[in-house]
Each structure stands twice: as structure tokens, then as C-alpha cells.
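Novice: The structure that follows is given in the form of C-alpha cells.
The values are calculated or read from the model by the stated rules, or taken from the named source; none is laboratory data. Source: prediction; values computed, not measured. Note that we place each Cβ from the backbone using ideal geometry, even for glycine, and neighbour counts take in every protein chain shown.
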Amino acid sequence: MDLLNLILLYTGVLVGLCWIAPSRWQVWVITIGTLVFLFWKAPLSLAILAITTMTSFGIFKTGINRAWATILILLQSIGLFVMYKASWAPDFLHDGSRLIPLGLSYYSFRQIHYAIEQYKEKVPLHNFGEYVCYMFFLPTILVGPINRFPTFMRNLRRRRWDQQLFADGLERIIYGYAKIVILGNFLISKKIALRIDGLGEEYLWLKTYLESINFLLNTYFQFAGFSDIAIGLALLAGFRVMENFNYPLTAPNINEFWNRWHISLSSWCKDYVYIPVASMTRQPIWGIIFTMLVIGLWHELSLKYIVWGLFHGVGIAIWHLYKNSRLAERLTKTIPFYDIWAKVLTFHFVVLSFVIVMQPTWKAVWETYLTLLFLY
């Protein structure tokens, strides 16, 4: 909460200075402000982002083959990502108590996106300063969304003062803050959690079931709330950033859930993981499985998140096999309120998947599943 309040206050001041400054310097106020913030709170993050920003831009200016330039940037970004996520970084590259540099998961994927689009020659004309502004855009640098470079450039060149856009930004920030503080931290993590903890052993199944739902809801409100705040702060500065959550817990199937949950990450993985893998193997199922593995490992390099990713990957694969089957056609016609039951089933599939990352040990995960399935 302290970091959230600090970011809100700091970015609010930056936005005010941004609109006061001459138009040619407005975005640079945000960029320089981001540099100062990182130097203050996470100097290691600043150093890593500064070096990788220079190299990811400069490699394409050396004149080497675009394919090799892209491979070098991929190796750099993926290598740093894995080194920190797997805790392989040497001690002198740790930033105090922060094992993983601030924003690493997000700016690594932005640099990969930039490199691949450069290889495809699909990036708009730009200079180094504009790329720096993209990489050091404070509203999205720490918690996403993973905004795309062409969209950022379009906003950069078209942005102007818009009272309605500014008002929309303030509204999104309020919504996001309410999701985190009121719904997530106060209602779910405190009030409801206390009520659940107060249930006796005779209500073991109900307690376990509610704890599982409570964990998922808190995760959603935290992620969605921070995304709302990032989108709102970007709007205050005159930039439109893609939506990141769209009522995913009401999705009618697991495929649609991932079209609504962490949309910027899902769409990134669709473009840079699913399509290449499905094209090379000519097996969309493998594309789905590999995509969900990447999404799992993006969160954490651990066996738990590998299993979590596979859980979702297999679920999506089964749904794709089911959706055009005769069974789906028959059930759609014969089951009353089919759409409602589909949403209920999808919601509980997601709840069961999050049990894997909710519990601290595999033994606890197993016991939770046995309890939920009336086998314990």
C-alpha cells in the first residue's frame, strides 16, 4: 500500500508538471520522472532497464542481419528474465531485499515485442528518444499492461489535452484504488477472511471452498485494481493503454476466460508464442499448451506454476475439442440454462487451478483437492 500511494502521489505530480511544460517536453517530463523514481526506489532496476534499452535499440543500428539482431535481443531479455526469476543472479546484482528488479517481467516482454516487430519491419519510424520514452513510461512500467510500441507511438504523436480523457483517467484510478483497498485488502482479505477462519472443523468443506474462492477473488481485485490505476494514470498523461481485465470471472468457458484475464499478457503470448508454435507444429493444441506454460513461467519459474499453466493449457485444449463436437451441440440444446451452468463450471475450474498456487506445499494442495471433492 505504501508503494501504491507513493506511485499515485508521485505520478500525479509528474502529470501536473507534464501539462504545464511546453508540448515538446511534456513526455520527457514523464520519462525523466521515471528515471528519478527508479534511481530513488530501485537503482538496480534503473541500471538494467537503461542498459537493455540502449542495447535493444542499438543492435538494430549496427547494420547486422535483422534476424541475428532479433536473436541477440531475445537472448538478452530472456536471459535476464530467467536469471532473476530462477534466483541465479549473483549477490552483487541483487537490489537490497528485492530479488527481482522492479518491472522486469513487463519491460522484458516489451523489449521482446519491440525486437520481433523490428524484425518484421512493422514498427513506425522513430528515434532513440521516442523508444526511451516508451520503455520509461512510469504508469505501465511496474504493473503493466504490456503496452505495444506502435500504439504508444500513435498516442505520442496524437496526444493533446482532453478534459474528458483526464476525467476518465481519474475515474479509473478511483475504481482501481477501490478494488485494491476496499474490496481486496479490507473486505476480502480482512473481513471475509476472518469470518471464514471462524468456521469450526465441522464446516471443513465449506471453509476450504470459501478460502479457495476468497484467494481467487483477492488475486483478481489486486491485479485488476493495479491495471485500472495504470490505465488511469496513462489517461491523465494523454495516453490510451489497452484494457487488461474484462470481467473474466463471468466467462462462459476457459478459452474466453483467458481472452478477458490479463489481456495484454494473453494477447502477447498469442502473437509471439501460440502462432509460431502452432504454425511450426501444425498442431494448435501444442500451441495452446506451450502458451500456457509460458504464461505460468512468466509469473514464477517454479514447478507449481508449470503445473498451473498445464492445468489451464489442458483445460483450453479440451474445450477446443469439445466446442464443435456433437456432445456440445446436444448439451447446449438439452440442458436448461446452459449458459449459466457454463459460467459456473468455468468459474470453479479457475478456482481449482488457483488452489495450486494458493497452498504453500504440494501436500496442502493435495489435501485441499481431497476436501473439495469430498474424499478427505
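Novice: On the basis of being of a type in the set (Lys, Arg), modelled with pLDDT of 90 or more and closer than 15 Å to LEU142 by Cα, does ARG98 make the cut?
Specialist: No, not satisfied.
Novice: Which fully enclosed helices (runs of 4 or more DSSP H) of the range 134-195 have 2 or more residues being closer than 30 Å to MET54 by Cβ and out of contact with any Pro (no Cβ under 6 Å at 6 or more places or on another chain)?
Specialist: Per the criteria, 138-141, 149-158.
Novice: From (1) touching a residue at least 60 places away in the same chain (Cβ under 8 Å); (2) assigned to a helix (DSSP H, G or I); (3) within 20 Å of VAL15 (Cβ to Cβ), pick out the condition that doesn't hold for TYR131.
Specialist: So the condition that TYR131 fails would be (3).
Novice: Same structure again: Which pairs do you get when a residue that is touching a residue at least 12 places away in the same chain (Cβ under 8 Å) and over 11 Å from PRO139 (Cα atoms), found in the range 231-247, comes within reach of a residue that is assigned to a loop (DSSP other than H, G, I, E, B) and of a type in the set (A, V, I, L, M), reach meaning Cβ atoms under 9 angstrom, with the pair 6+ apart or on two chains?
Specialist: Cβ pairs passing all conditions: MET242/ILE146; ASN244/ILE146.
Condition check ((1) at pLDDT below 90; (2) in the same structural domain as VAL123 (by TED's automatic domain parsing); (3) within 30 Å of LEU375 (Cβ to Cβ)) across all residues:
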| site | (1), (2), (3) |
| --- | --- |
| GLY176 | no, no, no |
| ASN185 | no, no, no |
| ILE192 | no, no, yes |
| LEU199 | yes, no, yes |
| ASN214 | no, no, yes |
| ASN218 | no, no, yes |
| ALA224 | no, no, no |
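Okay, residues lined up against (1) among the β-branched types (Val, Ile, Thr); (2) crowded, with 18+ Cβ neighbours inside 10 Å:
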position	(1), (2)
LEU17	no, no
ARG24	no, no
TRP28	no, no
VAL36	yes, no
ALA42	no, yes
SER45	no, yes
PHE57	no, yes
GLY79	no, no
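Novice: Another question about this same structure. Being in a helix (DSSP H, G or I) and closer than 22 Å to GLY287 by Cβ is the requirement here; does LYS270 meet it?
Specialist: yes
Novice: Looking at this structure, is ILE306 part of a helix (DSSP H, G or I), surrounded by 12 or more Cβ atoms within 10 Å (Cβ to Cβ) and aliphatic (A, V, I, L, M)?
Specialist: yes
Novice: Taking ILE356 and the conditions (1) crowded, with 17+ Cβ neighbours inside 10 Å; (2) at pLDDT below 95, which numbered condition does it fall short on, given that it satisfies the others?
Specialist: Of everything listed in (1) crowded, with 17+ Cβ neighbours inside 10 Å; (2) at pLDDT below 95, ILE356 misses just condition (2).
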